[in-house]
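Heads up: the structure comes next, in structure tokens.
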Amino acid sequence: MNVDIGNALSSVASPGVSRDSLERLDEQVAAAHERIETGMANEEHGYEALNLPERTDPEEIRAAVEPVADAEALLTIGIGGSSLGAATITNALDSDTETVFLDNVDPAWISRHLESLPLEGTAINVVSRSGTTAETLANFLVVREAFESAGVDWTERTIVTTGESGPLRDLANRHDLPSLKVPDGVPGRFSALSAVGMVAAAVCGHDLEALLSGAAAERETLSGSLFDCPAYAYGATTYALDQRGAGVNAVMPYAESLETYAEWFAQLWAESLGKDDLGQTPVRALGVTDQHSQLQLYRAGPRDKLVTFVTTAEGADRPIPDTDVEDLAYLGDATLGELLEAEFEATEASLAAAGRPNVRVELERVDEYELGGLLYGMEAACVLAGELYGVNTFEQPAVEWAKKATRGLLGGGEFEEANAVAEKTELR
Ligand code: PA5
């Protein structure tokens, strides 16, 4: 992953950050890097995620998915960090295995999927770190029943990834299901490069070693200066821009295959940094689609935004056929890839011309190696930004509050959060 921050400098953009300020900030980056390295060396909660390239064992994951390696379709049941990493990887890469991610509990949507999937050829991948998340457990129970009703033995087709104990671990033990453990010290949204994100990739036949080696290469770039480390350049620049008023970060990949990446990034940034009245609001966008919607706001709306482009140097291409309509001759000389590139260059230049900060994250291509580097690099960027903000990057009390309140409202425990919701509801 390469990061170009040229269009975020105050010589180009407002809000923007000057080279001098970045040099001053670099002293804090050096201190933060030391803290991060210590956390990694001591296997501290959260920092341990940055050790995953060396810790994750692809053989173990492949052995667990062996019984369903021939699946036509894969149903992943999980939510948040237990879904978005796997979805980012498998939605970015081609595979003969159809993938469906059940995170929401919208009954109509779940029923539609269950009616259209070939259940006898479908594998089930259930993921929950805590093993208690209501949405995941409920969806698993519904899916199990659908398999039973169709006369398909779900126990032969299910893999579980969860913590050492909890209701999901109990279910796995009771039915003797192949299971993997979520590594200790790795919060959900930082677990894409563990079994949490990689079981789905393994069933789809993706190259797990390449994912990890791309991540390991990015890990090698972590150093005490934002000027030598793309991940820290991104984390420090976004932090500095937020301090100067760019409280919104619109992430806009120029590749349809990376649309889910923007979703993954939004969770990582929001759930990790949104604390103590601080944090930058991530927005999901897609090039070129959002050139015809959100771009108007990005170029001419309030000066509170940074746009992060994600580009790829190589990719599949397709010529645009010739036509005898003179006004369309320019298209006949081009390919769709060239058009995509021109659209990106025009958008980037248009934002820079309007003095709107933007950063370019460049990948060589969309493959396992580059994806591993991107996921790892952005996790490291987020950890660095968390150090600079001074927040606890690895906790998510607001998310936990709502999880407990939901369970409490359904009678799953005596939670004061549920009482607070009940009181509010009565007030209405
Ligand atoms: O990042 C996080 O901690 C959350 O988004 C969790 O991944 C999400 O709430 C799902 O939790 P669990 O894996 O315990 O089911």
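Since every read-out is calculated from the coordinates, none of them should be taken as a lab result. Computed from a predicted model, the values in this text were never measured in an experiment. Don't worry about glycine lacking a Cβ; one is built from the backbone with ideal geometry, like all the others, and counts go over all protein chains shown.
Points worth noting:
- At the listed q of 0.06, 0.07, 0.08, 0.12 Å⁻¹, the Debye profile of the chain, built from one uniform point per Cα, gives log10 I(q)/I(0) equal to -0.27, -0.37, -0.48, -1.04.
- Size of region 6-115: Rg and Dmax of its alpha carbons, in Å, are 21.5, 60.
- Rounded to the nearest 20 debye, the dipole magnitude of the chain is 1560 debye, with +1 charges on Lys and Arg beta carbons, -1 on Asp and Glu beta carbons, and the Cα centre as origin.
- Relative pair counts by distance (%), Cα atoms of region 297-428, 10 Å bins: 10, 19, 22, 21, 15, 9, 4, 0
- Region 120-181 and region 190-259: distance between their alpha carbon centers, rounded to Å: 29
- Farthest positive-ward along the chain dipole, Cα basis, beta-carbon charges - from 420, 285, 371: 420
- Zone of residue 409's modelled label, taken as backbone nitrogen in region 116-156 under 14 Å from a point 7 Å along Cα→Cβ: 134-135
- The count of lysine pairs in the chain that are at least 8 places apart or cross chains, and whose C-alpha atoms lie under 28 Å apart, stands at 8.
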